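This report concerns only the one structure given below.
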Amino acid sequence: MPRTPADKPGQEPAEDQADADFREAMSGVRPHAAPDRLEPLVRRPSTRPRSTEADEQAVLEEMMSDTLDPEDIESGDTLTYRGDGIQDSVWRRLRRGNYHIRAELDLHGLNRDAARQAVAQFLADCQNNDARCIRIIHGKGRGSPNSGPVIKALLDGWLRQRKDVLAFCSARPHDGGTGAVYVLLRASQTSPGNR
């Protein structure tokens, strides 16, 4: 660098002195080698349990599915009775209408006394013929103004009192819905397997 008139001989210019001081301060410092590739940013694991997320997702999927089974929905119009000892699988099959209906009784147009007598006779006949799953059509009470389904309510009580009735529930829509019941009867004492 050329000298200026203000510089004294034997003394370096001020800029050269700053460079020299910098070089002296940086002596021993080596340049950092640049990596060949950058490492990806590592995310910290969530503190929320994975099983909670999976459970919530399963609930959402179930809520949005179209696989809802009508027997899983109960309304105030349905009749249900499940006696002691009835297995879950038997109960589900009955509610789904998966048993073969062996006999049927229609109570439409009958008054209380006639309906009670018809039910008693029908159940006795079913026991004699070893009919295990039957359907009783009681109606929805549309012919009973202001009082609701009278025979339906009475039938609920009558069936609960009988020892030969294991379980009953309102039928599926194609079998009468809330206007009929599936009834599961105890095996007859005179059936071939019980003799």
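Scalar couplings 3J(HN,Hα) for region 108-122, obtained by applying the Karplus form with A = 6.51, B = -1.76, C = 1.60 to θ = phi - 60°, are 4, x, 8, 7, 4, 5, 5, 5, 4, 5, 5, 5, 4, 5, 4 Hz; x denotes Gly and Pro.
Ranked for footprinting exposure by Cβ neighbours inside 10 Å, fewest first, Phe22, Phe168, Phe122 give Phe22, Phe122, Phe168. Close amide H contacts of Arg186 (hydrogens built in the peptide plane, cut-off under 5 Å, sequence separation of 5 or more or a different chain): Val165, Leu166. The mean of 1/r over all distinct Cα pairs in region 79-188, once inverted, gives the Kirkwood hydrodynamic radius of 13.9 Å. Exposure proxy shown here: for Val119, Val29, Val150, Val181, the number of other Cβ atoms within 10 Å sets the order, fewest to most, as Val29, Val150, Val119, Val181.
All of the numbers you see were taken from the coordinates with simple rules; none came from a lab. In this text the structure is predicted, and so the values were computed from the model without any measurement. For neighbour counting, all protein chains shown are included, and Cβ atoms are generated from backbone atoms with ideal geometry for every residue, glycine included.
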